[in-house]
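Notes follow the structure.
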Number of protein chains: 2
Amino acid sequence: MSLPLGFRYAATYAGIRKVQKNDLALIVSEAPASAAAVFTKNRVVAGPVTVARRNLRVSRGRMQAILANAGNANCATPTSESVAQQSVCVAGGTLGIAPHYVFPASTGVIGVELDPQKIVAALPGLKSALDPGSFDAAAAAILTTDTRSKTAFAQLRGGKVTVAGMAKGSGMIHPRMATTLAFVMTDAVVPPAVLRTALKQGIERSFNRISVDGDTSTNDTVAVFANGASKVTPAAKAFAEALAEVLASLAQQIVKDGEGAHKFVTIEVRGAASDLAAEKIARSIANSPLVKTAIAGSDPNWGRILSAAGNAGVAFNPLHTDIDMQGVPVCRGGFAADFSEDELKKKLDASECSIQFTLRGRGRGQTRFWTCDLTEEYIRINASYRT
Amino acid sequence: MSLPLGFRYAATYAGIRKVQKNDLALIVSEAPASAAAVFTKNRVVAGPVTVARRNLRVSRGRMQAILANAGNANCATPTSESVAQQSVCVAGGTLGIAPHYVFPASTGVIGVELDPQKIVAALPGLKSALDPGSFDAAAAAILTTDTRSKTAFAQLRGGKVTVAGMAKGSGMIHPRMATTLAFVMTDAVVPPAVLRTALKQGIERSFNRISVDGDTSTNDTVAVFANGASKVTPAAKAFAEALAEVLASLAQQIVKDGEGAHKFVTIEVRGAASDLAAEKIARSIANSPLVKTAIAGSDPNWGRILSAAGNAGVAFNPLHTDIDMQGVPVCRGGFAADFSEDELKKKLDASECSIQFTLRGRGRGQTRFWTCDLTEEYIRINASYRT
């Protein structure tokens, strides 16, 4: 898949994380790009999120560079915001652009000072390394407990326009309006207002429909840059669909790489009173540790699914509930369906599992939600993340 | 500790659970007792909960027997309510009391038919076995994945009045108004209305302040019986305190025996705008898998505590936040305090851990909440619960 025109990428090891693995990424557009972003809804917000939000406002939705580090969230320290501000100032100076055209992002441990000198010292080398082909290197440099890179691509207008996205995220994943870090670049000509709308729509069907562990991070950021280098202006709807496709792929890749996850679980809810009610039910199922451990153990324990749905804070009649796992009816009208437990257990050994939760009746609310199983590895990873 | 007068207990193996371990308990008061109970808030409600609630209403808060089984929740089956109804009818007949004086309760797997004949066949033997000293046998018969019995006692009026409680619960613990099964017997003279008020108050500071895994069960029930056999009428306030003491002890024992739990964690929140705001913050910290795994790993990762609080849906200023772990300041004004990580790690190896979350300012809202750590054992237990 070709990359969007007019973007260059670079990555380096700036010494921010202990392991010697690239931890600083720079993405630069040849000209100011239309930009839109969504951020965490956590009350505790990292400095780079504050600065990125302010820069987007000051620049009226134009942005030219992304500076992202892994290994330190630059959050909950006295210098959090000033370190982020200093980083964008020095990056702007190094690149010869206004500081408010630089979009900062950080991910990693919370509450530990980030030494700005590490970033300042790395910037000249990063600038020299900028290359249109280094997309994958940048995508790798923003990872933390991820076991693999997450990238996704789409094309429009017969290949004349390209959308390319990268994301990181494996734990502390329970985004409400955005998640973790994801950057999408496109060479389409798209005005900022159209970009904002397309991002908002796409997020609702991707990053806002996944959960690994029910924790929402302090640094969640999804940003999209459209630099117009293809000189092609796609139809707003076609562009929104291409963007949504890239975002959905990235979101699914995050769940598939969920900390300790062995299985990817798709939850579909239908027949609810509203889409919001469907979402609440799906979220409650997706966040139930008992459902997630049952999936890990290939246990067709549909009672836990029904019980988790009952905790969603949504009114429904259990006697009008049907549940299917892997396409096999396990619950009909709130009671056990007639199915072979042994056969279904074998089907649940697959790496992709599905849960369909259907309310009989006239409700038209529905949603699709993605999560993963909960395994002993999740505990091992998180009991020793810092140490 | 002596037991309350006028109660007899029995337990037997009725063949409801696969393992041959007592699974049916009967508790009988010599005369109808004042009774009060609180039940699950899950939308999916087990048949025995429906029947118990109706019996309490029909009998206007009088009750004479408890019939409780483990190994099957008698929930989400077509016969759920009729099996519960049949059980109380036959139990009433066997004991020579009205069916609506029998309080049914079930715990175990959801969605599997409970064969009423097993209970019917066991009742005559249970009746013959009734004995004032078999309290512990009854307490053991209601356990499922619990590794130990939970009992608690209090006395009033210089030992003239006794309050004795038993509970079960280890997983699917996240009560909102009640949890799991708990039965409290007292020989105090207490009118039903006073009993209801005392139970409601006591629950708020005990069963409504614990969480193991964020899942609320379909069968949660806490019931208290006061049969007046001591012929002593304690002051309402003194009785409420004794009851609250027993409930708090039972609730804490449930958390200490949380599935796979190695550590008991007390979370105190102070300085919030209201008690409800404090409770939301405490609940969010208690339910965060990242906080719970950090405690499992003795990792003083206070950033996860702050981030979890930020997700509570409560407005607060992170810069006015202080956090202590094991009495050691780890966060002051939203930033890292100066503490020895190695020393604190050693302190966190203790079996009891404390987290204090304090908002500076004039807020007087506070709460105390209990939870446990999240270990690999929780996963092992729940990935294979049924199989």
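The values are calculated or read from the model by the stated rules, or taken from the named source; none is laboratory data. Because the structure is predicted, anything quoted here is derived from the model rather than measured. Note: ideal-geometry Cβ built from the backbone for every residue, glycine included; neighbour counts use all protein chains shown. Protein only, heavy atoms only, side chains kept; ligands, DNA and RNA dropped before computing areas. Shrake-Rupley method; radii C 1.70, N 1.55, O 1.52, S 1.80 Å.
Would you confirm whether any residue within region B:54-73 is part of a helix (DSSP H, G or I) and surrounded by 19 or more Cβ atoms within 10 Å (Cβ to Cβ)?
Checked against the condition, which is being part of a helix (DSSP H, G or I) and surrounded by 19 or more Cβ atoms within 10 Å (Cβ to Cβ), region B:54-73 yields at least one hit.
Looking at B:A84, B:A76, which is the one that is in a helix (DSSP H, G or I) and closer than 17 Å to B:D220 by Cα?
Sole residue among the options that is in a helix (DSSP H, G or I) and closer than 17 Å to B:D220 by Cα: B:A84.
Starting from residues that are of a type in the set (D, E) and not in a loop (DSSP other than H, G, I, E, B), keep the ones in region A:258-284 and report whichever is farthest from A:F316 (Cα to Cα).
Residues of region A:258-284 that are of a type in the set (D, E), as a first pass: A:259, A:268, A:275, A:279.
Restricting the remaining residues to those that are not in a loop (DSSP other than H, G, I, E, B) gives A:268, A:275, A:279.
Working: A:E268: 16, A:D275: 14, A:E279: 14 Å.
Ranking the candidates gives A:E268 first.
How many of the residues in region A:18-51 are within 18 Å of A:A70 (Cβ to Cβ), touching a Pro at 6+ places or on another chain (Cβ under 6 Å) and either in contact (Cβ under 8 Å) with a residue 60 or more places away in the chain or within 14 Å of chain B (Cβ to nearest Cβ) (or both)?
Number of matching residues: 1.
Only one of A:S106, A:S82 is closer than 14 Å to A:V44 by Cβ and of a type outside the set (D, E, K, R); which?
The unique qualifying residue is A:S106.
Can you work out which of the residues in region B:29-43 that are more than 19 Å from the chain's Cα centre (by Cα) and of a type in the set (A, V, I, L, M) is farthest from B:N55 (Cα to Cα)?
Of everything passing the filter in region B:29-43, B:A31 is farthest from B:N55 (Cα to Cα).
Kindly indicate whether A:G363 is of a type in the set (G, A, S), at positive phi and either in contact (Cβ under 8 Å) with a residue 12 or more places away in the chain or open to solvent by 40 Å² or more (accessible area, probe 1.4 Å) (or both). Can you show your working first?
On the way: of a type in the set (G, A, S): yes; at positive phi: no; either in contact (Cβ under 8 Å) with a residue 12 or more places away in the chain or open to solvent by 40 Å² or more (accessible area, probe 1.4 Å) (or both): yes.
Against the criterion (of a type in the set (G, A, S), at positive phi and either in contact (Cβ under 8 Å) with a residue 12 or more places away in the chain or open to solvent by 40 Å² or more (accessible area, probe 1.4 Å) (or both)), A:G363 does not qualify.
Between a first residue in region A:294-309 that is of a type in the set (D, E) and a second residue that is open to solvent by less than 10 Å² (accessible area, probe 1.4 Å), which pairs have beta carbons less than 8 Å apart while being 6 or more apart in sequence or on different chains?
Matching pairs, first to second residue: A:D299/A:L348.
I'm trying to understand the selection: among the residues of region A:298-312, which are small (G, A, S) and at the interface with chain B (Cβ under 7 Å from one of its Cβ atoms)?
Residues satisfying the conditions are A:G303, A:S307, A:A308, A:G310.
Failed condition for B:R60, given (1) more than 14 Å from chain A (Cβ to nearest Cβ); (2) modelled with pLDDT of 95 or more, with all others met?
Here B:R60 clears every test but (2).
For region A:89-113, how many residues meet the condition of being more than 14 Å from chain B (Cβ to nearest Cβ) and either within 21 Å of A:A137 (Cα to Cα) or not in a helix (DSSP H, G or I) (or both)?
Counting residues in region A:89-113 that are more than 14 Å from chain B (Cβ to nearest Cβ) and either within 21 Å of A:A137 (Cα to Cα) or not in a helix (DSSP H, G or I) (or both) gives 10.
Residues that are surrounded by fewer than 24 Cβ atoms within 10 Å (Cβ to Cβ), part of a strand (DSSP E or B) and touching a strand residue (DSSP E or B) at 6+ places or on another chain (Cβ under 8 Å): does region B:1-10 have at least one?
Looking for residues that are surrounded by fewer than 24 Cβ atoms within 10 Å (Cβ to Cβ), part of a strand (DSSP E or B) and touching a strand residue (DSSP E or B) at 6+ places or on another chain (Cβ under 8 Å), one finds at least one in region B:1-10, hence yes.
If I filter region A:260-280 for residues that are facing chain B (nearest Cβ under 8 Å) and either open to solvent by 50 Å² or more (accessible area, probe 1.4 Å) or touching a residue at least 12 places away in the same chain (Cβ under 8 Å) (or both), do I get at least one hit?
no
Considering only region A:184-206, state which residues are outside any helix (DSSP H, G or I) and either modelled with pLDDT of 90 or more or open to solvent by 50 Å² or more (accessible area, probe 1.4 Å) (or both).
Hits for region A:184-206 are A:V184, A:M185, A:T186, A:D187, A:A188, A:V189, A:V190, A:P191, A:R205.
Restricting the search to region B:285-314, which residues are at pLDDT 90 or above, surrounded by fewer than 24 Cβ atoms within 10 Å (Cβ to Cβ) and either aliphatic (A, V, I, L, M) or assigned to a helix (DSSP H, G or I) (or both)?
Within region B:285-314, just B:V314 meets the criteria.
Is it true that A:D373 is open to solvent by less than 30 Å² (accessible area, probe 1.4 Å) and in contact (Cβ under 8 Å) with a residue 40 or more places away in the chain?
yes
Restricting to region A:135-170, what's the tally of residues that are assigned to a loop (DSSP other than H, G, I, E, B), in contact with a strand residue (DSSP E or B) (Cβ under 8 Å, 6 or more places away or on another chain) and buried (at least 20 other Cβ atoms within 10 Å of the Cβ)?
Of the residues in region A:135-170, 5 are assigned to a loop (DSSP other than H, G, I, E, B), in contact with a strand residue (DSSP E or B) (Cβ under 8 Å, 6 or more places away or on another chain) and buried (at least 20 other Cβ atoms within 10 Å of the Cβ).
How many residues does region A:329-387 contain that are more than 18 Å from A:G297 (Cα to Cα), more than 14 Å from every other protein chain (Cβ to nearest Cβ) and basic (K, R)?
Of the residues in that region, 4 qualify.
Do you know which residues across region A:32-53 are polar (S, T, N, Q) and assigned to a strand (DSSP E or B)? Before you say what the answer is, go through the steps one by one.
Restricting attention to region A:32-53, the residues satisfying the condition of being polar (S, T, N, Q) are A:34, A:40, A:42, A:50.
Across region A:32-53, the qualifying residue is only A:S34.
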